[in-house]
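A short write-up of the structure that comes next.
The values are calculated or read from the model by the stated rules, or taken from the named source; none is laboratory data. Note that the structure is a prediction, hence the values are computed from the model and not measured. As a convention, Cβ positions derive from the backbone with ideal geometry for all residues, glycine included, and neighbour counts pool all protein chains shown.
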Amino acid sequence: MSTDRVRPSSRLAGFYQRPLDERVATIAALADGGGLSPESAAWLRGGGGLDVATADRMSENVIGTAGLPLALALNLRVNQLDHLVPMAVEEPSVVAAASAAARLVRLSGGFTGDADPPIMTAQIHVDGVRDATGAEMILREHGRELCAIGDRAIPRMVARGGGCRDASCRVLDAASGAVVVELGIDVGDAMGANMVDTVAEAVAPRIAELLGGEVALRILSNLALRRKARARAEVSAEALGGAACADGVVRASRFAELDVARAATHNKGIMNGIDAAAVALGQDWRAIEAGAHAFAALGVGGYRPLATWRRTASGVVGTIELPMAVGTVGGGTRAPGVRAALELCNVSGARELAVVLAAVGLASNLAALRALSGEGIQRGHMKLHARRLDESAARVGVKEHP
Ligand code: MEV
């Protein structure tokens, strides 16, 4: 990841047809033109992955490492810039589907999108507050003081331009005096969970003094409503395969808007791409999942699709919006291989990464809706499944599979 790194095209025609060693050589060679660091190129040439000694330092009770294929989704263009998107996922066709849909969107100029400033929320839960409704007033009066206490707990973030921005209070249950105090914290290019938790714990004693009652939980909220990302894509009916295909995508979107059971599957398809990229890019994908589904459930009619498609005169237009708490520094981004993945993705920081992930989700959704409203997904799946069977048969020396 760097702003001064050369940005390679994400359009690598015929990449999937080349043998594995050629694909690795092509990507590792990006180091020669400044598109990848020499360390990342060496890591790729060495087969990638995680050595057990490093794994042992990352978790408890380690007995080995678990592998996933690391692949590249191609063709993604977002806000006029190309991104190679690393994906770690076991499900066949996730990478191919996102790449194919990104190619269709690219024909119309690519995705556009934006992300909110990186404000995360710390929650301090207090029970037994005698004057719960008066708590809001007290918080208004002492908000700056609480932010100053929080800032003192994260001096390095404050030095980098981040820090506590505001404090507020919501009454959860006036009868029992349950309130939650929330601090908005600018976490810069980090995902920010540790910083937010640090602030929550640092301000809690003063909150107890101010409000009375008993402080209970002090933790971030994974519903990162102040940190959403959006992406938009247009695709011509011609690129989709004709007017009937465009109509089919829109009908599929409408189905998800009308039916929660379908919305869950629709959103699963979106998260197929986002999670796969998040894993490869060292992100806390459980946090992204938690935020996405909680956000989807905030709709007036209950759980709803995160992305929708509408017909235009010439084709379809799709939009997606979801919370996207991701980082390009700290946390999981220090894990081996994640630097290489971030360099390939070529994002200038967390906000750009958030938009890229939203675009990946929209691409995954388009691919699914196009397939489902046309020939169905089984044909494509079965082709890939057959290839896997061939490969495992070849490995164990079996000539034919049933
Ligand atoms: C399969 O992993 C994902 C899909 O079910 C998504 C969808 O139905 O939209 C194909």
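So which residues in the stretch 222-252 are touching a helix residue (DSSP H, G or I) at 6+ places or on another chain (Cβ under 7 Å), farther than 30 Å from Ile124 by Cα and not small (Gly, Ala, Ser)?
Val235, Leu240, Cys245, Val249
With a cut-off of at least 1 residues that are more than 16 Å from the ligand (Cβ to nearest atom), surrounded by fewer than 16 Cβ atoms within 10 Å (Cβ to Cβ) and not hydrophobic (A, V, I, L, M, F, W, C), name the helices (runs of 4 or more DSSP H) lying wholly within the stretch 179-283.
Details: elements: 193-211, 237-240, 243-258, 260-280.
Counting at least 1 such residues, we get 193-211, 237-240, 243-258.
Considering only the stretch 126-136, I want to know if a residue exists there that is among the hydrophobic types (A, V, I, L, M, F, W, C) and at pLDDT below 95. It would help to see each step written out before you state the result.
Residues of the stretch 126-136 that are among the hydrophobic types (A, V, I, L, M, F, W, C), as a first pass: 126, 129, 132, 135.
From what's left, at pLDDT below 95: 132.
Yes, there is a match, as at least one residue in the stretch 126-136 is among the hydrophobic types (A, V, I, L, M, F, W, C) and at pLDDT below 95.
Kindly indicate whether Ala101 is within 16 Å of the ligand (Cβ to nearest atom), in contact with a strand residue (DSSP E or B) (Cβ under 6 Å, 6 or more places away or on another chain) and under 25 Å from Thr26 (Cβ atoms). Give the derivation first.
On the way: within 16 Å of the ligand (Cβ to nearest atom): yes; in contact with a strand residue (DSSP E or B) (Cβ under 6 Å, 6 or more places away or on another chain): no; under 25 Å from Thr26 (Cβ atoms): yes.
Judged against the criteria, Ala101 is not a match.
As an exercise: evaluate Trp309 against (1) among the hydrophobic types (A, V, I, L, M, F, W, C); (2) modelled with pLDDT under 95; (3) closer than 21 Å to Ala97 by Cα and give the number of the one condition it does not meet.
(2)
Tell me, yes or no, whether the stretch 324-347 has at least one residue that is surrounded by 17 or more Cβ atoms within 10 Å (Cβ to Cβ) and within 13 Å of the ligand (Cβ to nearest atom).
The answer is no; no qualifying residue exists.
Farther than 30 Å from Gly34 by Cα, away from the ligand (no atom under 15 Å from the Cβ) and at pLDDT below 95: is that true of Gly397 in this structure?
Taking the combined requirement at face value, the residue satisfies it.
Yes or no: Gly291 out of contact with any Gly (no Cβ under 7 Å at 6 or more places or on another chain), of a type outside the set (Ser, Thr, Tyr) and over 24 Å from Arg251 (Cβ atoms)?
Values: out of contact with any Gly (no Cβ under 7 Å at 6 or more places or on another chain): yes; of a type outside the set (Ser, Thr, Tyr): yes; over 24 Å from Arg251 (Cβ atoms): yes.
Yes: the conditions hold for Gly291.
Which of the following residues is touching a strand residue (DSSP E or B) at 6+ places or on another chain (Cβ under 8 Å), in contact (Cβ under 8 Å) with a residue 60 or more places away in the chain and on the phi > 0 side of the Ramachandran plot: Gly213, Gly184? Don't jump to the end; show me each part of the working.
Details: Gly184 fails: on the phi > 0 side of the Ramachandran plot.
When all the criteria are applied, what remains is Gly213.
Where residues in the stretch 316-338 are part of a helix (DSSP H, G or I) and at pLDDT below 95, which of them is nearest to Glu39 (Cα to Cα)? Can you show your working first?
Of all residues in the stretch 316-338, those part of a helix (DSSP H, G or I) come to 331-334, 338.
Now narrow it down to the ones that are at pLDDT below 95: 331-334.
Numbers: Gly331: 20, Gly332: 18, Thr333: 15, Arg334: 14 Å.
Restricting to residues being part of a helix (DSSP H, G or I) and at pLDDT below 95, the top hit is Arg334.
When you scan the stretch 185-207, how many residues do you find that are under 12 Å from Cys147 (Cα atoms) and touching a Ser or Thr at 6+ places or on another chain (Cβ under 6 Å)?
0
What pairs come up if the first residue lies in the stretch 294-315 and is part of a strand (DSSP E or B), the second is buried (at least 17 other Cβ atoms within 10 Å of the Cβ) and hydroxyl-bearing (Ser, Thr, Tyr), and their beta carbons are under 6 Å apart, counting only those six or more places apart or on different chains?
Thr308/Ser253; Trp309/Ser253
On the basis of being free of Cβ contacts under 8 Å to residues at least 24 places away in the same chain and farther than 28 Å from Gly299 by Cβ, does Arg156 make the cut? Show your work before the answer.
Numbers: free of Cβ contacts under 8 Å to residues at least 24 places away in the same chain: yes; farther than 28 Å from Gly299 by Cβ: yes.
Yes.
Out of Ala159, Ala193, I need the residue that is in contact with a strand residue (DSSP E or B) (Cβ under 6 Å, 6 or more places away or on another chain), within 24 Å of Val329 (Cβ to Cβ) and at pLDDT 95 or above. Which one?
Details: Ala159 fails: in contact with a strand residue (DSSP E or B) (Cβ under 6 Å, 6 or more places away or on another chain).
Every option except Ala193 fails the conditions.
Which is outside the structural domain of Gly269 (by TED's automatic domain parsing) and buried (at least 22 other Cβ atoms within 10 Å of the Cβ), of Val126, Val105?
Values: Val105 fails: outside the structural domain of Gly269 (by TED's automatic domain parsing).
Among Val126, Val105, only Val126 is outside the structural domain of Gly269 (by TED's automatic domain parsing) and buried (at least 22 other Cβ atoms within 10 Å of the Cβ).
Might you check whether a residue that is closer than 17 Å to Ala340 by Cβ, β-branched (Val, Ile, Thr) and in contact (Cβ under 8 Å) with a residue 24 or more places away in the chain occurs anywhere in the stretch 6-23?
For the stretch 6-23, residues closer than 17 Å to Ala340 by Cβ, β-branched (Val, Ile, Thr) and in contact (Cβ under 8 Å) with a residue 24 or more places away in the chain: present.
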